[in-house]
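Here's the structure we're looking at; comments come further down.
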Amino acid sequence: MSEPVLDSLGVWWGERLAGILSIDRGGAMHFAYAVAWLADSDAPALSRAMPKREADYDDAICKAVFGGLLPEEGQRTAIARALGVSPDNPFRLLAALGGDVAGALAFLPEGEHPPQRATSDPEALGDAALAELLDRLPRVPMLAGEGGARLSLAGAQSKLPVVLVGGKIAVPLPGQPSTHLIKPEPDRFAGLAANEAYCLALARAVGLDAVEAAWRQIDGRPYLLVTRYDRTSGGDRVERLHQEDFAQALGVPSNRKYAAEGGPVFRDCFALLREAATRPALDVLKLVDAAIFNVIIGNADAHAKNFSLLRQEGRGNPIVLAPLYDLVGTVMWPELSPRFAMTFGGARTLEELEARHFERFAADAGVAAPFVKRRAAQLAGAVRDAVERDLIVPGLDDYERVAALINVVQDRAGRVALKASVRG
């Protein structure tokens with residue numbers, strides 16, 4: 001580190017200090033593992049991109065791994081404005097928001113310890129207070145600058161980590177792990193909450209591991225309530241589970257999450273799973289299913305930050321492909337690009353998909369091409385069957401909200417099945 005240190009944050013994993021994240025006078029970040037963490041053979045690396053070592057990690061990898069925990073695009077700009085800092089300063093943003101992030105980590109001023117767990121629940125929000133919160137989030141994402149809990153989630157869409165108190169939404173107390181997140185429906189994408197709720201329910205109906213989510217509405221404002229998969233509860237105590245998205249694990253910053261911008265492609269993702277997963281053969285097949293399912297529902301935004309590795313509890317703390325999330329039929333909005341965030345064997349859209357693309361995708365995945373074609377036909381058939389059985393979507397009160405999506409998914413499933421049956 002050539003420049004003097006300007007400020008530092010302790011990076012905590014539960015009740016243990018894992019390392020120190022610092023910023024120098026030149027604005028560059030550095031991370032060093034704590035000596036005790038390095039000495040403990042059971043203490044894991046914080047990221048696949050940050051193996052345990054004595055030497056510091058530089059600004060580029062810190063931005064990819066730790067900066068990858070922060071909101072993106074307009075959300076980050078609005079937060080930075082509320083905090084009076086630069087959106088290009090991830091250190092200051094983590095200092096303000098890093099109390100509860102994706103995974104097991106928390107960021108605190110150096111020398112400060114995690115707060116004692118709250119012995120009482122936060123106050124549940126009434127209908128009026130919740131409606132006001134949903135209206136306020138686009139202007140003040142993550143409630144930045146309002147004091148209290150320090151919250152952050154990656155992504156460009158408005159969302160907020162929350163807890164449930166007696167079935168009602170509440171903002172976590174400082175230091176309290178969130179258990180759910182709410183995703184208000186943006187005005188410019190009417191129907192998004194119902195679309196995502198339906199796609200997640202459809203994924204689970206055909207046997208894919210996807211997060212649980214419920215469509216809700218308050219004062220005419222739809223939103224999605226999602227159960228966090230990186231939290232676990234034992235009795236009355238909630239614990240954070242560590243996770244990182246594929247971009248973080250590969251050392252790729254959020255601004256390069258799309259393959260078209262030099263970000264990861266499926267070949268990279270499958271290679272990562274083979275290296276990182278405890279049972280790679282199983283998780284590789286799960287990712288094959290996920291890629292096919294996204295083609296069927298018309299999700300063109302399945303980039304590297306929309307897949308994650310999860311460190312589970314239990315013997316050996318196995319590393320697995322995390323449950324699928326952010327499943328949206330983006331083709332329902334003509335103003336959004338129909339091109340896949342990561343091509344399917346070179347095909348950028350369903351219209352381009354041919355037999356040779358199944359074969360190239362199979363090569364990227366390291367599995368047999370006949371298997372991929374057969375699995376595509378099976379999933380397409382399962383999707384059509386689930387749709388025809390009047391799929392139950394938690395909380396959704398009016399299926400007219402997803403009628404157009406259902407028609408599109410049925411049509412795409414039929415076309416995927418037909419394309420998968422063509423011999424190369």
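Using modelled amide H (1.01 Å from N, peptide plane; none on Pro or chain starts), what sits under 5 Å from the amide H of ARG228, excluding residues fewer than 5 places away?
HIS180, LEU181
So what J values fall out for region 167-184 if you push phi through Karplus, 6.51 cos²θ - 1.76 cosθ + 1.60 with θ = phi - 60°, rounded to Hz, Gly and Pro as x?
So the Karplus estimates, Gly and Pro as x, are x, 9, 6, 9, 7, x, 6, x, x, 7, x, 6, 10, 9, 9, 10, 10, x Hz.
Whole-Hz Karplus ³J(HN,Hα) for region 12-26, in order, using 6.51 cos²θ - 1.76 cosθ + 1.60 and θ = phi - 60°, x for Gly and Pro?
9, 10, x, 9, 10, 7, 8, x, 10, 9, 10, 10, 9, 5, x
Just how large is the dipole of the chain about the Cα centre, in debye to the nearest 20, putting +1 at every Lys and Arg Cβ and -1 at every Asp and Glu Cβ?
The calculated dipole for the chain is roughly 1120 debye.
Where only protein heavy atoms count, and the probe is 1.4 Å, what is the accessible area per residue for the chain in Å²?
Per-residue value: 43 Å².
At most 15 other Cβ atoms within 10 Å and a DSSP loop assignment: could you name the GluC sites (Glu not before Pro) in region 69-124 that fit?
The qualifying sites are GLU110, GLU112, GLU123.
By the scheme Lys and Arg +1, Asp and Glu -1, what is the net charge of all other residues having a beta-carbon under 15 Å from that of PRO264?
Net local charge, PRO264 excluded: -1.
Of LYS286/LYS373; LYS63/LYS257; LYS52/LYS286; LYS159/LYS305; LYS63/LYS183; LYS159/LYS257, which ones are farther than 21 Å apart at the Cα?
Where the Cα-Cα span goes over 21 Å, the pairs concerned are LYS52/LYS286; LYS63/LYS183.
Given only helices, namely DSSP H runs of n ≥ 4 each adding -39500 (n - 2.57), what is the per-residue ellipticity at 222 nm of the chain, to the nearest 500 deg cm²/dmol?
That calculation yields -10000 deg cm²/dmol at 222 nm.
Which order, highest average first, do 47-55, 15-23 follow once you tally other Cβ atoms within 10 Å for each residue and take the mean per peptide?
15-23, 47-55
In nm, to one decimal, how far is the modelled label at ASP411 from the one at ARG423, with both set 7 Å along Cα→Cβ?
Between ASP411 and ARG423, the simple spin-label model gives 3.1 nm.
When the chain is modelled as a GNM with alpha-carbon springs shorter than 10 Å, which of LEU134, LEU324, LEU125 fluctuates the most?
Answer for the Gaussian network model of the chain: LEU125.
I need the phi-derived Karplus couplings for region 410-419: 6.51 cos²θ - 1.76 cosθ + 1.60, θ = phi - 60°, integer Hz, Gly and Pro marked x.
Values per residue, Gly and Pro as x: 4, 5, 5, 4, x, 6, 5, 4, 5, 5 Hz.
Assuming R0 = 41 Å, can you tell me the calculated FRET efficiency for the pair SER233 and LEU285, based on Cβ-Cβ distance, to the nearest 0.05?
Efficiency for this residue pair is about 0.90.
Compare ASP135, ASP301, ASP236 by solvent-accessible area with a 1.4 Å probe and give them largest first, with all protein chains kept in place.
ASP236, ASP135, ASP301
Let's see if you can work this out: charge +1 on each Lys and Arg Cβ, -1 on each Asp and Glu Cβ, no other charges. What is the dipole magnitude of region 1-71 about its Cα centre, in debye to the nearest 20?
180
Going by amide H atoms built from the backbone, whose H comes under 5 Å of the H on ASP7, apart from near neighbours?
Hits under the 5 Å cutoff: ILE23.
Heads up, I need the accessible area for TYR399: 1.4 angstrom probe, whole protein in place, Å², nearest 10.
Accessible area of TYR399: about 80 Å².
Specify which residue in the list LEU353, LEU287, LEU250 is farthest towards the positive end of the charge dipole of the chain, using unit charges on the beta carbon of Lys, Arg (+1) and Asp, Glu (-1), about the Cα centre.
LEU353
Hey, any idea what % of the chain's accessible area is carbon plus sulfur with a 1.4 Å probe?
The computed percentage sits at 50.
Here are several values of P(r) over Cα pairs in 10 Å bins from 0, in percent: (i) 4, 22, 32, 26, 13, 3, 0; (ii) 5, 23, 35, 28, 9, 0; (iii) 4, 19, 28, 28, 17, 4, 0. Which one was derived from the coordinates shown?
(i)
The values are calculated or read from the model by the stated rules, or taken from the named source; none is laboratory data. Fair warning: this is a prediction, and the values are worked out from it, not measured in the lab. Reconstructed Cβ throughout: ideal geometry from the backbone, glycine too, with neighbour counts over all protein chains shown. We work out accessible area using only protein heavy atoms, side chains counted, and drop any ligands, DNA or RNA first. Shrake-Rupley method; radii C 1.70, N 1.55, O 1.52, S 1.80 Å.
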